[in-house]
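Each remark here refers to the structure printed beneath this line.
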Amino acid sequence: MGKLRSLLYRIRGEVSTEDLIKLGLKVGKNFKRNEHCIIDQSHCWLIEIGDDVTLAPRVHILAHDASMWQACGYTKIAPVHIGNNVFIGAGSIILPGVTIGDNSIVGAGSVVTKDVAPESVVAGNPARFIKGYSDFIDGHKKNMEAKPCYGEEYTLRNPSITEQHKLKQKKEVEENQFGYVR
């Protein structure tokens, strides 16, 4: 499976996690990297990712900044540290020199230019503090008591999902503004 995965990454113009680890990337347990994520191959040994980290689609993690190359002949490099239990939303960019603390969430489309404190939810361009991690999670747990919640049978992970499932979920989510799926 490793060779097939490496080939798939290469076809998509990406470098597999396994190949990046061989080059020096540090990754903890339960690391999930969705499609089209770019982890800076040219300086991946400067990047450390903790346990239970998820990168949503199209996340970019950079350990170098070549903006001064033409004028100076040098590229700035800096380490990137991503703590444990971190979720980085789709399309986010993590710039060189950034540390993202444990138990943090980076909202989709964010550009992280500065350190993210542990237990934080940040979002925006540049990313700014939105609320504490516990407040965010507690708010969603409370919402789950009143909003519709669906199991895997309502996802494409279920190969026998029916049109009835899709229509029921669509109707209920529209009526309730949002819902949750496992």
Check your understanding: What is the number of the single condition among (1) closer than 23 Å to LYS29 by Cβ; (2) in a loop (DSSP other than H, G, I, E, B) that PHE87 does not meet?
Key -> (2)
Check your understanding: Which of the following residues is surrounded by fewer than 16 Cβ atoms within 10 Å (Cβ to Cβ), of a type in the set (A, V, I, L, M, F, W, C) and modelled with pLDDT of 95 or more: ILE21, ILE61?
Key -> ILE21
Check your understanding: Could we say that VAL173 is in a strand (DSSP E or B), crowded, with 16+ Cβ neighbours inside 10 Å and hydrophobic (A, V, I, L, M, F, W, C) here?
Key -> no
Study note, to complete from the structure: The correct count of residues that are farther than 20 Å from GLY107 by Cβ, charged (D, E, K, R) and assigned to a loop (DSSP other than H, G, I, E, B) in the stretch 31-84 is 2
**Study point:** Test: GLY109 is under 15 Å from HIS60 (Cβ atoms), at pLDDT 95 or above and surrounded by 15 or more Cβ atoms within 10 Å (Cβ to Cβ)
**Key:** yes
Check your understanding: Among the residues of the stretch 90-112 satisfying the criterion of being polar (S, T, N, Q) and more than 24 Å from SER42 (Cα to Cα), which is nearest to the chain's Cα centre (by Cα)?
Key -> SER104
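The values are calculated or read from the model by the stated rules, or taken from the named source; none is laboratory data. Just so it is clear, the structure is predicted and the values come from calculations on it, not from any experiment. Virtual Cβ from ideal backbone geometry, glycine too; neighbours counted across all protein chains shown.
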